[in-house]
Each structure stands twice: as structure tokens, then as C-alpha cells.
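The values are calculated or read from the model by the stated rules, or taken from the named source; none is laboratory data. Since we're looking at a predicted model, the values are computed, not measured. Reconstructed Cβ throughout: ideal geometry from the backbone, glycine too, with neighbour counts over all protein chains shown.
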């Protein structure tokens, strides 16, 4: 009887400690953009706009007219227009309806790029808006629009997110309005505020690796594998875009 009593007492004493044990993915994470394989590369020169790092790449006339683009599920035309040497506007359409607008603005010194965007291409969820900034990595030719060159994102908000595991559920939130709460058994759940994504599923692959599958209207668009280091401070992220057939890798640090 004494053994049972002390065993029960020990269990009760340990319960608060166990309850406070943090899941390795819990916390706020910030991506180290310097670990990304490539910066974004844009060219606007001689009446043509090109996004070399878009997947698939975009290469269209920069005259403000709708140009056909292929390989995208949420758009079929894109237009590009140079307002002046520092400002460029991009408009995406699907079946003649505007689904997204992007304005690129280059600072007076030519070293900072500000991107303001709106997106309404999801079947539900309304219109999302956002902005980001980037620093110039490489310049373009002297006769090109100032948007021309290589740019690396520097926006804290766009590269920060928070994970919270509660029982068998994972909640993800970002400062820019993206969020989901999904069961850790791979069941689909709504993905809110993410351009091009309507649902998500998550599942643990071992104690330190999380798999996230993003979908649009039931079709897989991206598979992410996130692995937390043994000390719990670093996350290695491998993102495989299933539509455009490319992979991005980067590190993130727990804040």
C-alpha cells in the first residue's frame, strides 16, 4: 500500500513538470535569409520585364498589356508597367479577373526595394495584402530600370512565424496574417491568408521532424520538411514546390 501511495504521489508531483515540457517546435522562429540559395532577380530593360527566379520564369512585354503566362494555377496573364525609373506595377489575372497586384518601389539611393501586394486568387478568404523589403545584392546595366538586379528579402515579419503544439494539434501564425490549426495526424485543415494555398496537413516524422503539405483545391502545391536541432535552437527547412518543380533550403533560429 505504501509503495502504491508513494508511486501515486510521485506521479502527481511530476505532472506539472511534464505538463510544462515544451514541444521542440513550440516558439517563434525567424528565417535566416542569408542561407537561402538564391536572391530574387528582376530585369526591366528595352521594353521587357523578366523575373528570372520566378518558377516558372516570367518574360513579358512591359507595356501594361495582359501577356499570357503558363505554369501557374492561379493566373493566366500578367501585365508589367514601368511608372518611372523607381516604380513598377505588375497585375495578375485569371480568366480576365484581377487576382493580384504588386508594386515595386526602389529607394532614391537604389539599394532598397519595397514590395506592396494584394491577392484575391484564393477561392475563399477574401483579399490579402502585404509588403516586404529587400536589399540589393547586385546591380543591373546602367540603361535598365532600377528594379533590375538581385535582391534579398530583409523583412522581419515575412520571415517570422510561431508554432504552438497543443495535444494532437499544431497552430501556426505569422505577423502578416497567415494561420492554421491542424491535427498532427495528416488531416487536412483550412489555411488562412496564404496566397495560392487553401488547405494544409501536418504530421510528425519522428520526434524532431515535421512535415507540412500545402494544397490548393485538393492538389498538393508544396511539401515542407522542418527539422529541429538537438539543442532546440535551429530549424532546417526544406521546401519542395510541386507545381514548379524546385526546392528551397534555409535555416531558422528560435527567438
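Values as computed for the structure displayed
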{"read-out": "Unique residue being assigned by TED's automatic domain parsing to the domain that holds residue 100 and within 28 Å of residue 83 (Cβ to Cβ) when the list is 130, 177, 196", "value": "130"}
{"read-out": "Conditions (1) assigned to a strand (DSSP E or B); (2) surrounded by 18 or more Cβ atoms within 10 Å (Cβ to Cβ): number failed by residue 72", "value": "(1)"}
{"read-out": "Residue in region 141-162 that is farther than 30 Å from residue 106 by Cβ, modelled with pLDDT of 95 or more and surrounded by 14 or more Cβ atoms within 10 Å (Cβ to Cβ) present", "value": "yes"}
{"read-out": "Test result for residue 229, without any contact (Cβ under 8 Å) to a residue 24 or more places away in the chain and closer than 22 Å to residue 73 by Cβ", "value": "no"}
{"read-out": "Answer from 105, 132, 79, 120 - the residue that is surrounded by 16 or more Cβ atoms within 10 Å (Cβ to Cβ), under 13 Å from residue 147 (Cβ atoms) and free of Cβ contacts under 8 Å to residues at least 40 places away in the same chain", "value": "105"}
{"read-out": "Residue within region 80-99 that is under 17 Å from residue 121 (Cα atoms), over 22 Å from the mean Cα position of the chain (by Cα) and not in a strand (DSSP E or B) present", "value": "yes"}
{"read-out": "When residues of region 103-140 are limited to those that are modelled with pLDDT of 90 or more and assigned to a loop (DSSP other than H, G, I, E, B), the one nearest to residue 42 (Cα to Cα)", "value": "140"}
{"read-out": "Hits in region 221-232 - residues which are surrounded by 13 or more Cβ atoms within 10 Å (Cβ to Cβ) and over 14 Å from the mean Cα position of the chain (by Cα)", "value": "227, 228, 229, 232"}
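So that you can scan it fast, the table gives a plain yes or no per residue for (1) at pLDDT 95 or above; (2) within 13 Å of the chain's Cα centre (by Cα); (3) closer than 29 Å to residue 127 by Cα:
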{"residue": "194", "(1), (2), (3)": "no, yes, yes"}
{"residue": "198", "(1), (2), (3)": "no, no, yes"}
{"residue": "207", "(1), (2), (3)": "no, no, no"}
{"residue": "215", "(1), (2), (3)": "no, no, yes"}
{"residue": "219", "(1), (2), (3)": "no, no, yes"}
{"residue": "242", "(1), (2), (3)": "no, no, yes"}
{"residue": "245", "(1), (2), (3)": "no, no, yes"}
{"residue": "251", "(1), (2), (3)": "no, no, no"}
